[in-house]
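Shown next, in structure tokens, is the structure this report addresses.
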Amino acid sequence: MGKEQLAKSLKEILGLRWSPVAVKLMKPGEEIPKGLMEPPMPLRYCQSIIAARRGNCLYMPPRKHACPDGSGILGMVEMSEKLRSGALYLLFKKLPNIECAQKMIASRPEFETGSHTATVLAPLEKATFVPDVVIFTLWPEQAMWLCCAKTYSSGDRQNFITSGYNSACADLTVQVMKSGEMNISFGCYGGRASSEIDDFELYVSIPYGQLEAVTDALQKLSVKSIPEERNKIYMPPIMDNVGIPGVQEDGSVEILIDTDRCIGCELCAAFCPGSVLEMVEINGKKKSSVIGIENCTSCYTCVGQCPQKAIQLKHRTI
């Protein structure tokens, strides 16, 4: 699947507002990819991600990097002593003491100075280069589905390494390139203070080599799981007059099945985690029936999965 098709699928499935951003760190001796421009003024690395998600294709050598901390972490320039020592973090009142600042610096992922000569960024669909990572700007629900897709394709849960310090450079780029694993970031002081990232947005970065498998998993999840979640199919339909579910008097619940609507598809029985329902024959046709009401936890799975809306739950309330 090409980069343009990947971008199209990801946008459609997740409902992305912004293009995923393809990022490559250029090594010494590599040719500059075609179709890129240097920004007219220096940008912070986090700002360049914002510019790229809007459609710009950028070539950024060190002279175009406005943040010396970021360009040092990315291995393009020698980091100044003030930054390396952690002293500036104390002046900004971002950390309490030099020991804490030095511990944070020692533990963050960085590239060796001189290992890279420039960063290149573009919307994924426009990238004329093979990216190292692809960075998404997302709402939490969209990020959840990327996590689900990663688990769908591997069976693994995610272990994220992140901080509110050096977000775009360390957590989204260096960490992902070094580990070969997806990572998440909520942004950092500099990234949020200098860019238009929304208060409700976060970032997810994925190694480019894993993107096709993740996209394929998202396509499969979009057949059922994603639309069901977005349709809120397990929401209890009956609320009392103050807007909260009615309080159960004795914990009892009644499952009401409209046998005229029931088509005998067996989905309710198959999905019920407590084996509360089974299929029985009524007038020569398979119909849903309650066999273990005492095991019902009111999870509303049967209600949500019934294609005919033939099942409702009724609670005894005070």
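Laboratory data are not the source of any read-out in this text; all were calculated from the coordinates shown. What you see is a predicted model; the values in this text were computed from it and never measured. Every residue, glycine as well, gets a Cβ built from its backbone with ideal geometry; the counts of neighbours run over all protein chains shown.
Quickly estimate the mean residue ellipticity at 222 nm for the chain, helices only: each DSSP H run with n ≥ 4 gives -39500 (n - 2.57), and the total goes over all residues, rounded to 500. Before the final figure, lay out each step's value.
On the way: 13 runs with 100 residues, N = 318.
For the chain, the value works out to -8500 deg cm²/dmol.
On a 23 Å Cα-Cα criterion, which of the cross-link pairs 24/178; 224/285; 27/178; 27/126 come out too long? In this structure, 224/285 exceed 23 Å between Cα atoms. With a simple spin-label model that places each label point 7 Å from the Cα along the Cα-to-Cβ direction, the separation between residue 34 and residue 278 comes to 6.8 nm. Against the chain, whose longest principal axis is taken from its Cα atoms, helix 140-154 shows a tilt of about 90°. Taking amide hydrogens as placed 1.01 Å from N in the peptide plane, the amide H of residue 262 sits under 5 Å from that of no residue at least 5 positions away in sequence or on another chain. Once the chain from residue 259 to residue 98 is taken as fully extended at 0.36 nm per residue, the excess over their C-alpha distance is 50.9 nm. Separation of segment 56-76 and segment 20-45, taken as the distance between their Cα centroids, equals 9 angstrom.
Each residue of segment 218-233 was assigned a 3J(HN,Hα) from its phi angle through the Karplus curve 6.51 cos²θ - 1.76 cosθ + 1.60 (θ = phi - 60°); the sequence is 4, 4, 5, 5, 6, 5, 9, 4, 5, x, 5, 4, 6, 8, 6, 6 Hz, with glycine and proline shown as x.
List the GluC sites (Glu not before Pro) in segment 44-101 that DSSP assigns to loop (not H, G, I, E or B) and whose Cβ has at most 16 other Cβ atoms within 10 Å. Which are they? Mind showing how you got there, number by number?
On the way: sites: 78, 81, 99; in loops: 78.
Those satisfying the criteria are 78.
Helix 98-107: angle to the longest alpha-carbon principal axis of the chain, degrees 0 to 90, nearest 10? That works out to roughly 80 degrees.
Taking chymotrypsin sites (Phe, Trp or Tyr not before Pro) as candidate sites, keep only those in a DSSP loop with at most 16 other Cβ atoms within 10 Å, then name the longest stretch of the chain containing none of them. Before the final figure, lay out each step's value.
Details: sites that count: 92, 160, 186, 200, 234, 300.
My reading of the result: 1-91 is the longest stretch.
List the trypsin sites (Lys or Arg not before Pro) within segment 127-205 that DSSP assigns to loop and that have no more than 16 neighbouring Cβ atoms inside 10 Å. Please list the in-between numbers first.
Details: sites: 150, 157, 178, 192; in loops: 157.
Loop-located and lightly packed - 157.
Of 279, 26, 182, the residue with the greatest mean-square motion in the GNM of the chain, using alpha carbon springs below 10 Å, is 279. Restricting the trypsin sites (Lys or Arg not before Pro) of segment 82-142 to loop positions (DSSP other than H, G, I, E, B) with no more than 14 neighbouring Cβ atoms within 10 Å leaves 93.
In the elastic network of the chain, a GNM with C-alpha springs shorter than 10 Å, the most mobile of 91, 172, 14 is 91.
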